[in-house]
Every structure is written in structure tokens, then in C-alpha cells.
1. Would you confirm, using the coordinates I've provided, whether R40 is over 22 Å from V132 (Cα atoms) and at pLDDT 95 or above?
2. Kindly indicate whether R111 is within 25 Å of the chain's Cα centre (by Cα), within 14 Å of L130 (Cα to Cα) and not in a loop (DSSP other than H, G, I, E, B).
3. Please find, within segment 47-61, the residue that is nearest to the chain's Cα centre (by Cα) out of those that are under 26 Å from P119 (Cβ atoms) and open to solvent by less than 50 Å² (accessible area, probe 1.4 Å).
4. Which pairs have Cβ atoms under 9 Å, sit 6 or more apart or on different chains, and link a residue in segment 67-95 that is without any contact (Cβ under 8 Å) to a residue 12 or more places away in the chain and in the same structural domain as F47 (by the TED database) to one that is outside any loop (DSSP other than H, G, I, E, B) and of a type in the set (A, V, I, L, M)?
5. Could you please let me know if S118 is open to solvent by less than 80 Å² (accessible area, probe 1.4 Å) and modelled with pLDDT of 85 or more?
Amino acid sequence: MLSQCHAGCSEVDSLTEAVAGEGFLLGCISCKRREEVPARATVDWHFKPLGEEEFRHIFHYDHPVADILHEDFSHRLVWRGTLNDDIQMGTVYVNNVTFNDTGTYRCTFHRTLFLPLSPELVTVEKEVELSVVTVANRELTDVISEIMMYVLVTFLQLWLIAVLIYCYKKIWDEHEARQAKKAQAGQGESKDNCDGVQLD
């Protein structure tokens, strides 16, 4: 789940492939362009099944109330977005995805910006084309990304070990140098003491 921290808001696109019988996170993020401006927002989700022309209003969120508005999604939608009035993440979680959930989802933010002179209403719409499959497909890019991640982790571990060895060697060399200087200084003092001794 993405952070609720507004300072770190980042508009990441939703995933578009769900597995039948499992849950799916429908992502929808709309970051404010001016963080210092207080705001209030509501979020609506609409759904257009594959092959149909009309959108159905399926969900409405007005903090702290979440309403499921269509019987096909009864008890299956859970709000996973921002938990205050100033909504920037309008994500919902779909439980027990079915093949009938394939289609287009539209997320709409109705945001009121409380500006010094007068409030300003801003509407933002985003769409997610969702396909439902029997088994999750691992795309080549995902596999490559995973391999690269392991390579990077291994490289960083080796680099860290090398840095530790280098630092240890440097500290040891400095220690040896100090010991050598002390030994030389000790020999110098002994010689001076011997030179200062007068025989009767």
C-alpha cells in the first residue's frame, strides 16, 4: 500500500491484470499541485463492463463514509485510499474478482481547494482497463526486473564487504604507523638517556 503521507504523493498508474478468485487493488492517485493549500475531496468509481457502452456508478467515498452503489460489487469493495478529507489516493480493493469484472473503471476526484479569495472546484478523472485472467502472466520485463534486482543486491553486498575490508585495512595501517612512531620515539629517548650518562 502506498504511503498516506502527502509530501510523498506520487501518481503511479494502477495495475491492469487481475486473477479470477483473488483480490485486486484498483489504483487511482491524484496529487495536489500546491501542498500548502487546504482541500477537501470526494471520490467516485464507475464501471463499464466489456462490450457495454454505459458506465455504472459503483462506489462513492466521502470521508469517512464509503458507499457501495451497485449490487454486483456488494460486500466486495473496500476503501484503501487516504483516510482524511484531503484525499489524494482514491484506491479501492476488489475482493473475489470474477471474469465479469473485466472492463473499464473510471475514478473521479471532486476536489475543492480552499483558496484565500474563493474556493475552487477541480475535477480529475482517470481510467483503468482491467482484464481478468485465470493465471497471472509474468511479463518478460517483470522477469528481467527481478533478475536485475537480485544482481543489484548482490553487487551492493560485495561492494559493502569491499568497503569494510578497505576501511579495516586503512585503520590497521594507521595503527601500525602509530606504533612504529612510538617505537622510534622510545628508541630516541633511550639513546638520549644513554648519551647523557657520564662515567666516573
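1. Yes, satisfied.
2. no
3. Y61
4. Pairs found: I68/I58; I68/L77; S74/I68.
5. Taking the combined requirement at face value, the residue satisfies it.
The values are calculated or read from the model by the stated rules, or taken from the named source; none is laboratory data. Small disclaimer: the values here were computed from a predicted structure and weren't measured. Backbone-built Cβ (ideal geometry, glycine too); neighbour counts: all protein chains shown. Ligands, DNA and RNA are stripped out before the accessible areas are found, and what is left, the full protein with its side chains, is counted by its heavy atoms. Shrake-Rupley method; radii C 1.70, N 1.55, O 1.52, S 1.80 Å.
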